């Protein structure tokens, strides 16, 4: 069992690792997804294969006939990254047993955006978790189907405007709450679940290494600002990653075996949550919320966030 209170390898050693993405990967200016992958790469410990669902990260890093990936990488359909990753890890075991593969163990990582994880690929993900495959699944959550036209997903926040959750005099953007994916995954009683933010790099790298070192499935929920879809400034993505933690819409915590909740330092040190207005005003997708007709809706969102924050603190024993 991994020690959960400290990284197995010093962070300063992880920082020396070669990058898993090359320069010139064609992601949008300010996109946080390449930073998410860079931090993931710093936590790797040996031979690794990545299985990635269709999405922004896949499209922009592998424009045929080129690839920005410096490690073995497989592109699969929107809905089946987890299923393919399950096949990959079983295939490596079989090949090693037959003497056709040099590595006794290979770390397999599945990656998907929020559309391919919260929605289209959720059944595949749940099946992988239920079967207990030793795989790390990471979702980079940018709050919509950004690659296909900025349509709302199960990961879209209430009040967020997308091309399928319009905001105007009749509707305030998306009315529904964000799907509690991290809690749903934790309910599978898998060894390790964690939320991370590229705004808190040490916390991110440490957690991803823990995810690799547990035996069995692990899940990493990474926040990933999208300037194009969010209509935010390209130079503010890391600031927004931190603000998401400080407002409580993406608190940082770990869940061990589906039972033990641990609040991470950046969230645990918060004396109080930053008001959501500070987050909303940085993005064009929320500008409509400041109109008088949506004042009550705006206030209710804050009430709901405060409620969820208090529930999480109780789970963490704070």
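Readers should treat all values here as calculations from the given coordinates under stated rules, not as data from a laboratory. For clarity, every value in this text was computed on a predicted model and none was experimentally measured. Here Cβ is always computed from backbone atoms with ideal geometry, including for glycine, and neighbour counts include all displayed protein chains.
Some values worked out for this structure:
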| read-out | value |
| --- | --- |
| 270, 15, 21 arranged by Cβ crowding within 10 Å, fewest neighbours leading | 15, 270, 21 |
| 0 to 90° range, to nearest 10: angle between helix 122-131 axis and the chain longest Cα axis | 40 degrees |
| Choice from 116, 284, 199 showing the highest fluctuation, given a GNM over the chain with Cα pairs closer than 10 Å | 284 |
| Relative contact order %, the chain, counting alpha carbon pairs below 8 Å whose residues are six or more apart | 17 percent |
| Gain in span if fully extended, residue 28 to residue 64, counting 0.36 nm per residue against the direct Cα distance | 11.2 nm |
| Among 275, 217, 191, residue whose mean-square fluctuation peaks in a GNM of the chain (springs only between Cα atoms under 10 Å) | 275 |
| Angle in degrees between helix 201-213 and the longest Cα principal axis of the chain, rounded to the nearest 10 | 40 degrees |
| Ascending count of other beta-carbon atoms within 10 Å, so fewest first, for 170, 193 | 170, 193 |
| Centre separation in Å (Cα based) which lies between the range 16-43 and the range 275-305 | 32 Å |
| R0 of 41 Å, Cβ-Cβ distance residue 257-residue 231: FRET efficiency to nearest 0.05 | 0.55 |
| Span from the the range 210-272 Cα centroid across to the the range 75-103 one, whole angstrom | 29 Å |
| Debye intensity ratio in log₁₀ form over the Cα atoms of the range 1-116, taken at each q of 0.12, 0.13, 0.23 Å⁻¹ | -0.50, -0.58, -1.35 |
| Cα long-axis angle, helix 33-42 against the chain (0 to 90 degrees, to the nearest 10) | 40 degrees |
| Sequence of 243, 311 once ranked by neighbouring C-beta atoms within 10 Å, starting from the fewest | 311, 243 |
| Sorted largest first, extent of the range 241-318 alpha carbons per principal axis (Å) | 43, 22, 21 |
| Candidates 293, 215, 254, ranked by Gaussian network fluctuation over the chain, Cα under 10 Å, top entry | 293 |
